[in-house]
Amino acid sequence: MEQHQQSTVVITGASSGVGLYAAKALAQRGWHVVMACRDLPKTERAAQSVEMPPNSYTIMHLDLGSLRSVHQFVKDFRATGKPLDALVCNAAIYMPLLKEPLQSVDGYELSVATNHLGHFLLCNLMLEDLKHSASQPRLIILGTVTHNPDELGGKIPPRPDLGNLDGFAAGFKGSNVMIDGKKFEPVKLTKIVKSAMY
Ligand SMILES: NC(=O)c1ccc[n+]([C@@H]2O[C@H](COP(=O)([O-])OP(=O)(O)OC[C@H]3O[C@@H](n4cnc5c(N)ncnc54)[C@H](OP(=O)(O)O)[C@@H]3O)[C@@H](O)[C@H]2O)c1
């Protein structure tokens with residue numbers, strides 16, 4: 001008799017909001033969900049709160065604000081021996097009221113480190129795993145209309161303008177916290193980060 005291996009999806013930021021309900025919906029459809037999160041007890045409580053069956057998910061530590069943690073997550077995931085059939089890059093932070101930029105452990109502005117750089121590394125490492133999927137592999141990145149200048153949300157100032165990527169070109173460390181190389185503006189930064197992911 002033909003054996004079908006259960007499909008596995010990794011969802012970042014599955015401890016709340018869109019990620020949690022995506023985890024629940026995919027588990028209901030027979031997927032095994034790896035909930036890749038930085039707060040393990042919170043994630044367990046969240047999974048139970050939406051009544052995910054205990055054997056439908058695995059919670060694994062991932063702090064996207066740390067490049068070391070991303071590498072460790074990929075190692076830990078591979079050690080489970082599970083296939084990777086879909087990767088959902090959902091986690092994000094949004095801190096519109098910040099007066100001064102925060103830094104990640106690697107010295108990058110925290111929201112770019114978390115929302116963009118951590119996911120960029122994760123995708124690059126896990127493309128190798130997706131290639132070995134026996135089904136049709138998927139890589140999904142959560143966007144937002146506010147990053148899209150063609151949508152109403154993207155037309156509201158500050159506009160999500162990447163400029164010439166001067167901040168990235170300058171090494172994007174220390175005082176170079178904006179991808180466009182301009183003055184720190186947290187709302188604009190979040191929009192730019194989403195644009196940069198596409
Ligand atoms: N909600 C909306 O209306 C909306 C609209 C457009 C787009 N989106 C997009 O949808 C996605 C989810 O939004 P949401 O509203 O569901 O957000 P949310 O409820 O605030 O959830 C964000 C998730 O990201 C996780 N996270 C934050 N920093 C992390 C880190 N360093 N490492 C790992 N995980 C981290 C959070 O974990 P903790 O629990 O540990 O904080 C949480 O699980 C985002 O990409 C957002 O831009 C949302």
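The values are calculated or read from the model by the stated rules, or taken from the named source; none is laboratory data. Just so we're clear, the structure is a prediction, and the values are computed from it rather than from any experiment. Cβ coordinates were reconstructed from backbone atoms using ideal geometry, including for glycine residues, and neighbour counts include every protein chain displayed. Each accessible area value is taken on the protein alone, full model and side chains, heavy atoms only, with ligands, DNA and RNA left out. Shrake-Rupley method; radii C 1.70, N 1.55, O 1.52, S 1.80 Å.
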Would you mind telling me which numbered condition in (1) within 16 Å of the ligand (Cβ to nearest atom); (2) modelled with pLDDT under 90; (3) open to solvent by less than 60 Å² (accessible area, probe 1.4 Å) L142 fails? (2)
Single residue of H132, H119 found to be in contact with a strand residue (DSSP E or B) (Cβ under 9 Å, 6 or more places away or on another chain), modelled with pLDDT of 90 or more and not acidic (D, E): H119
Any hit, the stretch 159-172, residues being touching a residue at least 12 places away in the same chain (Cβ under 8 Å), over 24 Å from I59 (Cβ atoms) and touching a strand residue (DSSP E or B) at 6+ places or on another chain (Cβ under 8 Å): yes
Go through P101, P53 for me and flag whichever is within 30 Å of K182 (Cα to Cα) and either away from the ligand (no atom under 13 Å from the Cβ) or among the hydroxyl-bearing types (S, T, Y) (or both). P101
Determine whether the stretch 119-129 contains at least one residue that is more than 13 Å from the ligand (Cβ to nearest atom), part of a loop (DSSP other than H, G, I, E, B) and open to solvent by 30 Å² or more (accessible area, probe 1.4 Å). no
It is to be established whether one or more residues within the stretch 174-192 are touching a strand residue (DSSP E or B) at 6+ places or on another chain (Cβ under 9 Å), within 30 Å of H61 (Cα to Cα) and in a helix (DSSP H, G or I). yes
Within the stretch 59-73, can one find any residue that is over 13 Å from the mean Cα position of the chain (by Cα) and over 23 Å from V105 (Cβ atoms)? no
In this structure, is A47 part of a helix (DSSP H, G or I) and free of Cβ contacts under 8 Å to residues at least 40 places away in the same chain? yes
Please name all residue pairs, on different chains or six or more residues apart, with Cβ atoms under 6 Å, provided the first residue is in the stretch 78-100 and is open to solvent by 60 Å² or more (accessible area, probe 1.4 Å) and the second residue is at pLDDT 95 or above. K82/T8
If the Cβ limit is 8 Å and pairs must be 6+ apart or interchain, which residue in the stretch 22-39 that is of a type outside the set (D, E) pairs with which residue that is open to solvent by 40 Å² or more (accessible area, probe 1.4 Å) and modelled with pLDDT under 95? G30/Q6; W31/Q6; H32/Q6
When the stretch 32-45 is examined, which residues are found to be open to solvent by less than 60 Å² (accessible area, probe 1.4 Å), more than 8 Å from the ligand (Cβ to nearest atom) and among the hydrophobic types (A, V, I, L, M, F, W, C)? V33, V34, M35
Out of (1) within 26 Å of S104 (Cα to Cα); (2) within 16 Å of the ligand (Cβ to nearest atom); (3) over 18 Å from the mean Cα position of the chain (by Cα), what's the single condition that is false for L152? (1)
